[in-house]
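The values are calculated or read from the model by the stated rules, or taken from the named source; none is laboratory data. Since we're looking at a predicted model, the values are computed, not measured. Here the Cβ positions follow ideal geometry from the backbone for every residue, glycine too, while neighbour counts run over all protein chains shown.
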Amino acid sequence: MASQETPTKTLRIKLVRSPIGFSQRHKATVRALGLRRLNQTVEQADTPQLRGMLAKVARLVQVEEA
């Protein structure tokens, strides 16, 4: 029996608002997402951990399915 991988969904995350003025935890979360500067876009695998991080910084990022 061959193991079948289910195709993982990816999310495109864009930093649309500066984390300056927000807590250190918000800044650390933005950095952990791989975002360094405004309007930068990264793609991440859709996982429950990622969804939790995005919920914490929802006002700073824009998310779309890739």
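Kindly indicate whether residue 9 is surrounded by 10 or more Cβ atoms within 10 Å (Cβ to Cβ) and modelled with pLDDT under 95.
So residue 9 fits the description; yes.
Within segment 26-58, which residues are among the basic types (Lys, Arg) and exposed (fewer than 10 other Cβ atoms within 10 Å of the Cβ)? Write out each step before concluding.
Kept after step one, since they are among the basic types (Lys, Arg), are these residues of segment 26-58: 27, 31, 36-37, 51, 56.
Hit for segment 26-58 is 37, nothing else.
For segment 14-53, enumerate the residues that are in a helix (DSSP H, G or I) and without any contact (Cβ under 8 Å) to a residue 24 or more places away in the chain. I'd like the intermediate steps shown before the answer.
If we filter segment 14-53 for residues that are in a helix (DSSP H, G or I), which is where we start, we get 24-32, 48-53.
Residues satisfying the conditions are 24, 27, 28, 31, 32, 48, 49, 51, 52.
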